[in-house]
Amino acid sequence: MSAARLTLVLALVVAGLFLWLLHARAWDLGRRSPVLSYDTAQYALAAREMAEHGRLGTSFALPLELNRPGPPWPLAVVQPGLVVVEAALFRLDMRGDDDGAAAPGAPSRRPRDGLTLIVPLFCYLALGAMLALATLWLLERHAPGSSALERRLAAVTIGAAFLLDPEAQHFAVGGFTELPFTLGLVAACVALASGWAPRRPLLFGVLLGLTGTFRANMLWLAPMFAIAAATLTPERNGRGRVLLLTLLGFALLLSPWWFYKWRVFGSPGWDLSRFVVWEGVQGRSWFSLFHLPEAPAVPHGGDAARLITAKILSRLPQLLLSLATGPRALWTGALVLWLLACRPPRALVVAACGVLGAMALALLAAAATIPWIRYLFPTRVALEAAGTLALWALVARAPVTLLSPRLARGIRVCVALLAIGWGVTQTLRGNAEARATAAQRGVPSVSTLLDLGLRLHREVPANEVVMSNLGPMLAWYADRPVVHLALTPADVGACRRRIEFRHVMLVFRTAEEAWPVWREVVARPDDATAQREWNVMRERHWREPDGFQVIWLELGPPEPSIALRRP
């Protein structure tokens, strides 16, 4: 790497670290806002289980998972990539323990939650650098008439525009899988654009498989990328070979995970998240699907296809609108127009079609599951970078009679200023929203979580299961198995018939913020013991310094099961 490129990368890394610190401070990370959230704590729990006991398992379960004995319960939701990396980091950190591990069941003396930030932060900085270096390479190869200064300014613009994305900053301050997956996805697109993918199909497949260990989305993206690599092969006879080697490399990385799921769940493609396609269908919600101890009854056949299709069509407009905010519609339109009007090189055409195809599949997947824009983030990053480059290419190729060289240069500068200006505006807005949300979010502070963990350690035997709406977060800070809160108080008994527990801990800021069916308990906790069907033997409640109300319900003996008589 030349001195100029090294300086460019270091400048982007320093800028990324500064933006990351600003966003972390806005969230008051590690104090008011725990490092681990509902999603990220699930990965950390599985990583801790692997680091300490060398097995794939977790100490957190949804009521839907209680048809299996536990704990530890098998991994039914999370992907293995982040689990393995975090487990390695935990294991390395455990070597520095002088006083040994904490007593069984006690809250960990070294929670190690800060280690979960290493991977997303690295991927955040690496993505900014990769986008910049890829821009430099593309302009050097396909725009030789541009000056070195223009190429470097373009590279800085593409890299900085990503670093200024508040959604990227948010994923970088938590142990999410979005950034590792995005890094692999962007690398795959660069491999297509450079022509490297068809030359090294097995390694290209390994890259896709490694990316797929972080998110299951790659399962339907990998065939598309494999076909794209095959189309770039000059010899027709070699296209089948490239296709097969790419898919083989993909399968090599994921086959151990598929074997694990086949052995534990009976199917290599089994995933608990498959039920989310029914969220919002016929009155079902995420809570009703996952917080009952039995599998939901869902439609099949033609009825299922009709209902899911109607759901997709109703939610697509909202998702498409999210891609049209600010200059995003401009980037997408420029990429499509560039493909139609400029006759670019074959490798760039295939890479651009891959980006657009990945976005189309991401849109369909988000519309079919939960319409959160976070599911579009990985493909949006690649699309916005490609769209910005395409707009510059359109301006550069405009006829001189339409745009003079001086005017074209000015327009390209305006495009760069638009990308950077939009990023700065969004960063400021994102940090302001983070500060406001941190003060009012429905998650207690770290001090409260540690206090709850200590109370449980003092009063509940080690490794005894507890039910709580804090779910995996309480399981991490209390260092004990936790079952997520049942859908209603009346469903707690059904959960206890699957696994025995005696304590239910509710932690909400106010009754209005509690789950609708639990608001009565939070509003009037003293009345809980009067509801005989709830089987509450003892109730305690108090308010923590951060304003959260804690209701601790101790349940009576479980209802006796009715033995089946033999004929």
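Values quoted throughout were computed directly from the atomic coordinates according to the rules given, and no laboratory measurement underlies them. Just so we're clear, the structure is a prediction, and the values are computed from it rather than from any experiment. Neighbour counts are summed over all protein chains in view; Cβ atoms, including those assigned to glycine, are modelled from backbone coordinates with ideal geometry.
Between the alpha-carbon centers of the stretch 373-442 and the stretch 295-322, tell me the distance in whole angstrom.
Value for the Cα centre distance between the two parts: 32 Å.
About the Cα centre of the chain, how large is the charge dipole given +1 on each Lys and Arg Cβ and -1 on each Asp and Glu Cβ? Please answer in debye to the nearest 20.
Details: 56 positive and 40 negative charges, 372 e Å.
So the dipole magnitude of the chain works out to roughly 1780 debye.
Considering the Cα trace of the stretch 446-555, what is its radius of gyration and what is Dmax, both in angstroms?
Expressed in Å, the Cα Rg and Dmax of the stretch 446-555 come to 12.9, 36.
Each residue of the stretch 265-271 in order: what ³J(HN,Hα) in whole Hz does its phi give by Karplus 6.51 cos²θ - 1.76 cosθ + 1.60, θ = phi - 60°, with x for Gly and Pro?
In residue order, the calculated couplings are 10, x, 8, x, x, 5, 7 Hz.
Where the centroid of each part is defined by its Cα atoms, how far is the stretch 130-193 from the stretch 443-492 in Å?
The distance from the Cα centre of the stretch 130-193 to that of the stretch 443-492 comes to 41 Å.
Quick one: net charge of GLN440's neighbours, Cβ under 13 Å, K/R +1, D/E -1?
Details: positive: ARG32, ARG435, ARG441, ARG509; negative: ASP28, GLU433, GLU512, GLU513, ASP546.
Here the count lands on -1.
For the pair HIS541 and GLU433, how long in nm is the line joining their label points, each one 7 Å along Cα→Cβ?
Placing both labels 7 Å along Cα→Cβ, they lie 3.3 nm apart.
Can you compute log10 of I(q)/I(0) for the stretch 159-285 with the Debye formula, treating each Cα as one identical point scatterer, at q = 0.12, 0.15, 0.20, 0.22 Å⁻¹?
With one equal scatterer per Cα and no solvent, log10 I(q)/I(0) is -0.58, -0.83, -1.09, -1.17.
Semi-axes of the equivalent ellipsoid of the stretch 146-193: what are they in whole Å, largest first, if each equals the square root of 5 times a C-alpha gyration tensor eigenvalue? Provide the component values of the computation, followed by the final result.
Details: eigenvalues 122, 51, 6 Å².
The equivalent ellipsoid of the stretch 146-193 has semi-axes of 25, 16, 5 Å.
Give, as a single signed number, the net charge of other residues whose beta carbon lies under 10 Å from the beta carbon of THR182, with Lys and Arg counted +1 and Asp and Glu -1. Numbers along the way, then the final one.
Values: positive: ARG215, ARG380; negative: GLU178.
Taking every other residue near THR182 into account, the sum is +1.
Using every alpha carbon pair in the stretch 3-108, what percent of pairs falls into each 10 Å bin from 0 up to the bin containing the largest distance?
12, 30, 31, 19, 7, 1
Which number comes out as Rg/Rh for the stretch 294-448 once both Rg and the Kirkwood Rh are worked out on C-alpha atoms?
Numbers: Rg = 20.6 Å, Rh = 18.7 Å.
On the Cα set of the stretch 294-448, Rg over Rh gives 1.10.
For the chain, what percent of Cα pairs sit more than 36 Å apart? It would help to have the intermediate numbers written out before the result.
Details: 65424 of 160461 pairs.
Counting pairs separated by more than 36 Å, the tail of P(r) holds 41 percent.
Quick one: which residues, 5+ away or cross-chain, put their amide H under 5 Å from the amide H of GLY30? H built at 1.01 Å from N.
Amide H neighbours of GLY30, under 5 Å, 5+ apart: VAL35.
Using a/c under 1.5 as the rounded threshold, could you call the stretch 238-371 rounded, prolate or oblate? The axes a ≥ b ≥ c are square roots of the C-alpha gyration tensor eigenvalues, and prolate needs a/b larger than b/c, oblate otherwise. Before the final figure, lay out the partial values.
Values: a/c = 2.79, a/b = 1.28, b/c = 2.17.
Oblate shape, in that a/c is at least 1.5 and b/c is the bigger or equal ratio.
Placing +1 on the Cβ of each Lys and Arg and -1 on the Cβ of each Asp and Glu in the chain, which of GLY302, ALA126, VAL242 has its Cα farthest towards the positive end of the resulting dipole?
Looking along the dipole axis, the top candidate is VAL242.
How big is the stretch 183-254 on each of its three principal axes, counting only the C-alpha atoms and giving the largest first in Å?
Cα spread of the stretch 183-254 along its principal axes, largest to smallest: 33, 21, 17 Å.
Mind pulling the per residue volume of the convex hull built on the Cα atoms of the stretch 34-186? Å³ is fine. It would help to have the intermediate numbers written out before the result.
Details: hull volume 21.4 nm³, N = 153.
Per-residue hull volume (Cα only) is 140 Å³.
Give me the net charge of ARG538's neighbourhood, meaning all other residues with Cβ under 13 Å from the Cβ of ARG538; Lys, Arg count +1, Asp, Glu -1. Before the final figure, lay out each step's value.
Working: positive: ARG502, ARG540; negative: GLU459, ASP526, GLU539, GLU554.
Summing Lys/Arg as +1 and Asp/Glu as -1 gives -2.
What is the Cα centroid distance between the stretch 263-280 and the stretch 45-80, reported in whole angstrom?
15 Å
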